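The values are calculated or read from the model by the stated rules, or taken from the named source; none is laboratory data. Note that the structure is a prediction, hence the values are computed from the model and not measured. Note that we place each Cβ from the backbone using ideal geometry, even for glycine, and neighbour counts take in every protein chain shown.
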Amino acid sequence: MSAAEKLLLREPWDGLGLPEESALARQRAGATFGIWIFIASEVLFFGAIILLYTVMRLEHPDAFAAAARETNLVYGTLNTALLLTSGMLAAVASRMNEGAGARRTVLWCLAATAGLGLAFLAVKGIEYREDIGRHLVPGPGFPLPQPPAQLFFAVYWFATAIHGIHLAIGIGLVARLAILGWRDPAFLPDNPQVEVSLLYWGFVDIVWIFLYPLLYLPGRAG
Amino acid sequence: MLAWLMPEQASVQAPRVDAIFLALTAISGAIVLLVVGLVVAFSIRFRRGSKANRDALPSLVAREFEIGWTAATLFVFVFIFWWAASAEIRAYVAPKDAIEVHVVAKQWMWKTQSSNGAREINELHVPVGAPVRLILTSQDVIHSFYVPAFRLKRDALPGQQTETWFKATKTGTFHLLCTEYCGTDHARMLGRIVVMEPEDYARWLSAQPEGDDLAHAGERLFAERGCAGCHAPGSGVHAPGLAGLWGREIPLAGGRTATVDGAYVRDSILQPKRDVAAGYEPIMPSYDGLLSDGEIQELTAYIRALGAGPRASRTPGRPPLSSRVPGAARDRSPAMVPGAPVDDGPAPAGAATRP
Amino acid sequence: MSAGPTPPAPSGARIWRRALLVWAGLILLLGLSCLAAWAPLGGWTSAVNLGLAATQAALVAVLFMRLDEAGPLVRLTAACGLFWLAILFTLCLTDVLSRLANA
Amino acid sequence: MSAGLAESPTALADRGELALGLPESYLAAGHTLGSWLTSTDHKRIAILYAISITVFFFLGGAAATMVRLELFTPKADVVGADTYNKLFTLHGVIMVWFFLIPSIPTTLGNFLLPLMIGARDMAFPKLNLASWYLNILGGLLTASAMLAGGIDTGWTFYVPYATVFSNSAVSLGVLGVFVSGFSTIATGVNVIATTHTLRAPGMTWFRLPLFVWALYTTSLIFVLATPVLAVTLLLVVAERAFDLPIFDPARGGDPILFQHLFWFYSHPAVYIMILPAMGVISEVITCFARRRVFGYTFMVYALLAIAVIGFFTWGHHMFTSGMSPFAALVFSFLSFIVAVPSAIKVFNWTATLYRGQIGFESPMLYALGFVGLFTVGGLTGLFLASVPIDVHVQDTYFVVAHFHYIMVGASVSAYFAGLHFWWPKVTGRMYPETWAKFAAILMFFGFNLTFFPQFIAGYLGMPRRYHVYPPEFQIWNVLSSSGAAVLAVAYLMPLGYLTWSVLFGERARNDPWNASGLEWRTTSPPPRENFLGKPEVLAEPYNYHPEGAPPVKDQPRIPAQGSLT
């Protein structure tokens, strides 16, 4: 236990002159707080994209409804379900990681989280291919007559691509934890990095939860 | 002294702006004097080693001072806001009888088209004492229509219309400047506003050639673009007739009403399904992307002319352009005109002639 | 943010049970949003869908991202993000909506 | 003066001061380039930042020099239109994002925050180093845009000019700014987490020095505003690179929306520049007036109020843009409100002088200059907040003068005040005081000569971003350009004598100014661990005199007036 904590304790928390256990607790609290500050920052980042969408949709409601009808609801819903499931596994991993008892479960949950993330990207890739096949890319050959419908697809590509990049970073973080934890049994238990990475994962989930109704659901009724 | 530090006042708005400006300058000057005066006085009196009294302040005084000057600044600032805002609200809506001028900005020139027919480049002739309503748009990037002597500025946005108005109070020639950075020749996107006595203006106006009349161009478009197929009197399609419509309040489907003005006509052309006139089917297709801003302005002018009754025709064959306005042609179009040779010197839009 | 040692962790079975329950709720809400999108709700469709999304997001934030056991500082941080987002939306839409109303 | 070189960098001016085993100073912890470029020591990262922002400052300054040279006459006789447009864009982009925004928080802030709160380092030292690399990467991208032909959009990147019409290297420059945005977010996260989690025992929130409060509130803006800029710039890149219709009005986009998003960041960015400056000034004025700061809690709440209300006022940049008149009034009102806490701060600084023991060493000269320039800059902000005046002066030199009073007059003065004040702590050396005083006075007068005429030119109607202009404005431009020459000399002087002092300056004592802050309770320069032992805070900040007792005459312990000879 003590050896593991020595391994995990970092600058400047090791210089606080506290007992190791409480120094590590301070470090974990600091790391959690730090990632939450970053998440607050990211809220504004994606918030600005959603504001862009909102204003455009207020200005061109009909074109947006018509354009949103062209997105593939099946892929979108499937992807939402994938991310929600991965979010659950991430939460289980994060909670199980406190204490050394459940290392294997944590490892499996991390691997499954990253795997579901990859599945999301794969589905997204198939969907992108289909979208491109249907010329749903703003520019010449765009199938819908209303010019503002292209605005919708500009936001669609931009928002999903940015979300995809965030998700890819998340997959990288989670996969790294899984690999390091698999190699070194002392790495995962109580490591603050697990909670930090999984909080980020949760945030990327939430972003998609909002993108889904904005990009896939408008204009379906009537 | 002041004349050196203030631009000329040539509109109704100018003295109002200057009054607020001078008052604010006075208040600010007083505050700066107070702060700098105190800093200097304290610096001298309490310099290191001086014999001034340095006993501690009672803490009650400190708190009262804080609350006092917080409240005082808040009060002063809210008062200035109220004053400036009321001046702005008063100046916001243009009078109903204003001359309507459409301004189209493009890199790097101003095109002005008066609803009474005059069409100019980098120039605008207006009569003194008459309100002029400007409807601005741009064909490329954002520009800004700035006349310092009128204390007037409004951005010209591509794809949208903005409005402002002024009433000139002085005859003379005034700078028209572009103040929204718009690319290479931003600094040469200059023009002039020529304010004339009403009789001079009438004479100048009657000298304008008829060919490039907005409403006539609109009439041509009305036929060419198929508008006439539905909206002309006697058409088989059930579409509203347009004669006499301008300026009226008309009922819309859904129980609302709308006033037929430039914005409404524009919307009806670009988004016909949004505000459908009561009793008609929403069958008109959108012309979004099919008509340029200039063409929409021409159509608007045509519809306006239909409502304004028969147009006063002018005698053809009079000498062209503003040959009776003092100054050579070069002086009157000082800014860069595409295709014209570029003079790298400053545009002498300059020394505004004072009456 | 508590600096002291963390309380004893709940048992694995409890963690799984709770997580699966929340997950089922989330999937149910996902199904509901799909249905709502097709239901003839008129102008309310978007509001209903965004309401469902907000519920889902709240579930994820509170139960998956562990805001339920987080200290006041972390909760305040999350609230700050939302508050500033509200500033951005409110003032920007003040302009856009009043421009659209006048157009 | 000759003794300076012979001694080791760990040596102290007065060996009796802190003879507790004399730990190695952070400067002596490694002399290779690698020991600097991989260091996670907040003090070394601060030095790295100081070097990079100095380079950017003189790059931006060179562009400004060309601009002022061109404006000497109404004709285009130094550079042509396109070159001029690229020059003022370069000046704006470099100065805003690579000098002013990182200036105080990442140099003085990075160096002093852990020292002031009694911590060993920032909360996330690796993130701190990474943020410097991001900043450099961003700077290099933007600088390479200059090599790739320059950017001609102005620092505001207004659409549709920047997206559809400009043929210059906009994407590259915008990406540079985007990357540097993540650098400032990282700094912000670090500062907030450090302030919350690493305060020494006894350092309660209301014992924090005002400079720490200023850094903390600045970081709130870093974290909450910068992401919006990042998205906005990314959208510009997406529109340019992938031809996505986003803001292009020809395809249904709304250019005013770009302005909202841009100013949501860029107005609070002004407070990013001024809040840390206010913190520096509070430290300097209290030290040289030998007094507790007047109304400490009001000063703290004023900082917080400025940081929060500053987010509500961005619309005053857009009064003429076609924004709805209703929104214009809302923004106008909020802009007046944000001026109140700024006024409180000015009054409190003035009141701090009252019954002090005021000394006029160079940091204090800069600080007093700051108070005057900030007052003028702040008050002219009221002119711009009132709609009718703003309609007249928007995008004229009045605006240029106003924001230079705040961003250059105030912020840069404060930066120099802080630089001189903490120079002995950072380098362990004293600078030549006479030269420093002369530079401070020259900077004040040079600045006013440069920028005050611009208020007049602006009210007379001279638009900004004009390289040729109607000849009646020439007199004001000549005055301004002459002032700029004076200002250039004043800015070059510290570069000279401060560099000189690093090599030949006298050894500094641990606390040459007899200041009260925790950062002075260690060696000059401090050791890697910052403190010899664990600091504990027992009293309020600015404890220059016992509560209720008058301040005493207290000479700073600096060597006899140094000179270059």
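Observations
- Within the span defined as the stretch B:98-115, every residue fails to be among the acidic types (Asp, Glu), under 25 Å from B:Leu24 (Cβ atoms) and buried (at least 17 other Cβ atoms within 10 Å of the Cβ).
- The listed residues are D:Phe451, D:Phe447, D:Phe504, D:Phe455, and the only one of them that is modelled with pLDDT under 95 and of a type outside the set (Lys, Arg) turns out to be D:Phe504.
- Among the residues making up the stretch B:40-88, those that are touching a helix residue (DSSP H, G or I) at 6+ places or on another chain (Cβ under 6 Å), crowded, with 16+ Cβ neighbours inside 10 Å and of a type in the set (A, V, I, L, M, F, W, C) are B:Phe42, B:Trp69, B:Leu74, B:Phe77, B:Phe81, B:Ala84, B:Ala85, B:Ala87.
- Test: residue in the stretch A:15-32 that is without any contact (Cβ under 8 Å) to a residue 24 or more places away in the chain and more than 20 Å from D:Pro201 (Cα to Cα): no
- Flag for D:Val189 being within 30 Å of D:Trp422 (Cα to Cα), touching a helix residue (DSSP H, G or I) at 6+ places or on another chain (Cβ under 7 Å) and either within 13 Å of another protein chain (Cβ to nearest Cβ) or assigned to a loop (DSSP other than H, G, I, E, B) (or both): yes
- Any hit, the stretch A:31-53, residues being facing chain C (nearest Cβ under 10 Å) and more than 26 Å from the chain's Cα centre (by Cα): no
- Filter pass, A:Ser22 being surrounded by 21 or more Cβ atoms within 10 Å (Cβ to Cβ), outside any loop (DSSP other than H, G, I, E, B) and hydroxyl-bearing (Ser, Thr, Tyr): no
- Number of the condition not met by D:Leu329 [criteria: (1) crowded, with 23+ Cβ neighbours inside 10 Å; (2) under 24 Å from B:Ala23 (Cβ atoms)]: (1)
- Extreme residue, surrounded by the most Cβ atoms within 10 Å (Cβ to Cβ), among residues of the stretch D:10-26 that are within 16 Å of D:Thr427 (Cβ to Cβ) and modelled with pLDDT under 90: D:Ser25
- Tallying residues that are under 24 Å from B:Leu290 (Cα atoms) and out of contact with any strand residue (DSSP E or B) (no Cβ under 6 Å at 6 or more places or on another chain) within the stretch D:240-283 yields 13.
- Identity of the residue in the stretch D:234-288, aromatic (Phe, Trp, Tyr) and more than 31 Å from the chain's Cα centre (by Cα), that ends up surrounded by the most Cβ atoms within 10 Å (Cβ to Cβ): D:Phe247
- Identification of helices (runs of 4 or more DSSP H) wholly contained in the stretch D:384-467 with 2 or more residues that are free of Cβ contacts under 8 Å to residues at least 60 places away in the same chain, over 21 Å from B:Val147 (Cβ atoms) and not charged (D, E, K, R) yields D:397-404, D:433-460.
- Segments classed as helices (runs of 4 or more DSSP H), wholly inside the stretch D:29-105, with at least 3 members that are more than 14 Å from chain B (Cβ to nearest Cβ) and more than 23 Å from D:Tyr158 (Cβ to Cβ): D:33-37, D:42-70, D:101-104
- Answer from D:Val300, D:Val293 - the residue that is within 27 Å of D:Gly372 (Cα to Cα) and not in a helix (DSSP H, G or I): D:Val293
- Subset tally (residues that are within 14 Å of another protein chain (Cβ to nearest Cβ) and under 20 Å from the mean Cα position of the chain (by Cα)) for the stretch A:98-119: 7
- So B:Glu249, is it assigned by TED's automatic domain parsing to the domain that holds B:Val147 and more than 23 Å from the chain's Cα centre (by Cα): no
- Scanning the stretch D:233-248 for residues that are touching a residue at least 40 places away in the same chain (Cβ under 8 Å) and not aromatic (Phe, Trp, Tyr) yields a count of 9.
- Some residue of the stretch D:323-332 being of a type outside the set (Gly, Ala, Ser) and over 25 Å from B:Ala85 (Cβ atoms): no
- Residue pairs whose Cβ atoms lie under 7 Å apart, sitting 6 or more positions apart in sequence or on different chains, and linking a residue in the stretch A:37-64 that is over 30 Å from C:Gly71 (Cα atoms) to a partner that is assigned to a helix (DSSP H, G or I) and among the small types (Gly, Ala, Ser), are A:Ala63/A:Ala149.
- Checking each residue in the stretch D:122-164 for being within 14 Å of chain B (Cβ to nearest Cβ) and not in a loop (DSSP other than H, G, I, E, B) picks out D:Tyr161, D:Ala162, D:Thr163, D:Val164.
- Test: residue in the stretch B:239-253 that is buried (at least 16 other Cβ atoms within 10 Å of the Cβ), of a type outside the set (S, T, N, Q) and in a helix (DSSP H, G or I): no
- Scan of the stretch D:197-215 for residues that are in contact (Cβ under 8 Å) with a residue 40 or more places away in the chain and in a helix (DSSP H, G or I), ordered by number: D:Thr197, D:Phe206, D:Arg207, D:Leu210, D:Phe211, D:Val212, D:Trp213, D:Ala214, D:Leu215
- Scanning the stretch B:63-115 for residues that are touching a Ser or Thr at 6+ places or on another chain (Cβ under 7 Å), more than 8 Å from chain D (Cβ to nearest Cβ) and among the hydrophobic types (A, V, I, L, M, F, W, C) turns up B:Ile99, B:Val101, B:Val103, B:Val104, B:Ala105.
- Taken over the stretch B:169-210, the residue count meeting the criterion of being out of contact with any Gly (no Cβ under 6 Å at 6 or more places or on another chain), within 14 Å of chain D (Cβ to nearest Cβ), touching a residue at least 24 places away in the same chain (Cβ under 8 Å) and not β-branched (Val, Ile, Thr) is 14.
- Residue in the stretch B:280-307 that is modelled with the highest pLDDT, counting only those that are farther than 18 Å from B:Leu136 by Cα and in contact with a Ser or Thr (Cβ under 9 Å, 6 or more places away or on another chain): B:Met284
- Residue check for D:Ser282: more than 9 Å from chain B (Cβ to nearest Cβ), free of Cβ contacts under 8 Å to residues at least 60 places away in the same chain and either in contact with an Asp or Glu (Cβ under 8 Å, 6 or more places away or on another chain) or farther than 24 Å from B:Phe81 by Cα (or both): no
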